[in-house]
Amino acid sequence: MEKEKTIELKMTWIGQMKSYIMFMEMGDDSNRKFAKDELMKLATKLDKYNEENDIPFGYLKPHND
């Protein structure tokens, strides 16, 4: 009787970005297109979040020094 094993995978933003970078550096054309499309989707979501939450420059707010 074989014992069943479960593997839990937790994706983090760091892990996701590393995958996209690897796709762009080492992947074929479809991998690069996928990574670029996913990064643009993320950028769109971040811009929308920043607008909805009154974050005018995202985390790059100008400092009033």
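The values are calculated or read from the model by the stated rules, or taken from the named source; none is laboratory data. Worth saying up front: this structure is predicted, and the values here are computed from it rather than measured. Glycine gets a Cβ as well: all are built from the backbone with ideal geometry, and neighbour counts include every protein chain shown.
A residue that is among the aromatic types (Phe, Trp, Tyr), modelled with pLDDT of 90 or more and touching a helix residue (DSSP H, G or I) at 6+ places or on another chain (Cβ under 9 Å) occurs somewhere in the range 34-45. Residue pairs whose Cβ atoms lie under 8 Å apart, separated by 6 or more positions or on different chains, with the first residue in the range 39-52 and under 23 Å from LYS18 (Cβ atoms) and the second assigned to a helix (DSSP H, G or I), are LEU39/TYR20.
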